[in-house]
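Written below as structure tokens is the structure these notes are about.
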Amino acid sequence: MRPSPVGEELVKNLNNIGIPAWHFALFDFYPSFSSISLSKKINELYKSNIILVFSKQAVYYTNIYLINNNLTWPTGPRYYAIGKKTAFLLYKTIKKKLFFLKTKKIVKVY
């Protein structure tokens, strides 16, 4: 489920420890060169009360866009990150308190 290249890395590591795995990413991340990009939604970003971040790639590409357009991350909203690594990258990028789930819920499927 993870996009490239981290999805392939996970599959390689699983196969190396004897767990058969295959990579079938449902989505990939690339910078947008479309006229229908973040530029059309940037005002909504600054009006938000809450910003949910689901991936490191979202932080990375949004940050590039903001830097290239002499913009900064909004300071008003509360930030929530899904995953510890995403939260860490977001914190390093925006230097603002954010919230993330600290415990993992492990679900076994039989």
- Message: If the requirement is being farther than 22 Å from L10 by Cα, of a type in the set (S, T, N, Q), outside the structural domain of S4 (by TED's automatic domain parsing) and modelled with pLDDT under 80, which of these qualifies: S48, S35?
- Response: S35
- Residues of the stretch 83-110 satisfying the condition of being more than 16 Å from F54 (Cα to Cα) and modelled with pLDDT under 65: T103, K105, I106, V107, K108, V109, Y110
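The values are calculated or read from the model by the stated rules, or taken from the named source; none is laboratory data. No experiment lies behind these values; they were computed from the predicted model shown.
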